[in-house]
Amino acid sequence: MSEDLLRYDILIQDALRGAVKKILAEVGRTGLPGDHHFYIAFDTNAPGVRISQRLKERYPQEMTIVLQHQFWDLAIGEHAFEVGLSFGGVPEKLLVPFSAIKGFFDPSVQFALEFDPGKTAEELPEELLEAVEELARAEQEHSDNEAKQDDGNGDREAASAEPKTKPSAQATENSDGGGEVVSLDAFRKKT
């Protein structure tokens, strides 16, 4: 048997990721049609993935998100998608490169795709990786500054009934505090 020099496995993976990208782009433009909804599993350690430290600690390897009722600001880029979701009542913004996706499932029509993360011919642009690193640094600095302010202003903040920040109206309208992370194994046929 000959060696596969064309790497059909990688070409097919990239084509199927392109299908996921098109599906999400359509949903971003028109919303979810009918009963369609998606479970998207991704590698939280993949290059370019941006999630909060809180989510990273909770899901150190893999995370599955549900795009159904409680999501907002779905934006599709050339190499990644960004979406707002609520986890335990806390709004979060996630950035997921298509190359990090491990599974895509639409239970309304029993459509499923599985991927090998990192098994792609597509390289993430250096600008995207740098931007994700810069955002992570800025978020860490912001968290550090808030912690310092909390240490110095504890009594004054406790007396104030007004919260420092409010989630956006869109985040509040679309989130009921019920973000859900599930395993795709729950939907696989048992043989």
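Name the residues in the stretch 45-57 that are assigned to a helix (DSSP H, G or I), touching a residue at least 12 places away in the same chain (Cβ under 8 Å) and either out of contact with any Phe, Trp or Tyr (no Cβ under 7 Å at 6 or more places or on another chain) or β-branched (Val, Ile, Thr) (or both), would you?
Hits for the stretch 45-57 are Gln53, Arg54, Lys56.
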ask   = surrounded by fewer than 16 Cβ atoms within 10 Å (Cβ to Cβ), of a type in the set (Ser, Thr, Tyr) and out of contact with any Cys (no Cβ under 6 Å at 6 or more places or on another chain) - does that describe any residue in the stretch 38-54?
value = no
Subset of the stretch 58-89 that is outside any loop (DSSP other than H, G, I, E, B) and among the acidic types (Asp, Glu) - its residue that is least open to solvent (accessible area, probe 1.4 Å) = Glu82
Subset of the stretch 1-33 [closer than 23 Å to Asp106 by Cβ, open to solvent by 50 Å² or more (accessible area, probe 1.4 Å) and in a helix (DSSP H, G or I)] = Ile12, Ala15, Leu16, Lys21, Lys22, Ile23, Glu26, Arg29, Thr30
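Check the stretch 98-106 and report whether any residue there is assigned to a loop (DSSP other than H, G, I, E, B) and open to solvent by 10 Å² or more (accessible area, probe 1.4 Å). Before you say what the answer is, go through the steps one by one.
So in the stretch 98-106, the residues assigned to a loop (DSSP other than H, G, I, E, B) come out as none.
Scanning the stretch 98-106, I find no residue that is assigned to a loop (DSSP other than H, G, I, E, B) and open to solvent by 10 Å² or more (accessible area, probe 1.4 Å), so the answer is no.
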message = Return the residues of the stretch 16-65 that are closer than 14 Å to Leu94 by Cα and β-branched (Val, Ile, Thr); say none if nothing qualifies.
response = Ile40, Thr44, Val49, Ile51, Thr64, Ile65
key: Index of the failed condition, Phe81 passing every other in (1) free of Cβ contacts under 8 Å to residues at least 24 places away in the same chain; (2) closer than 14 Å to Ile23 by Cα   = (1)
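The values are calculated or read from the model by the stated rules, or taken from the named source; none is laboratory data. Because the structure is predicted, anything quoted here is derived from the model rather than measured. Ideal geometry is used to build each Cβ from the backbone, glycine not excepted, and the neighbour counts take in all protein chains shown. These accessible areas exclude ligands, DNA and RNA; they are computed on the full protein's heavy atoms, side chains included. Shrake-Rupley method; radii C 1.70, N 1.55, O 1.52, S 1.80 Å.
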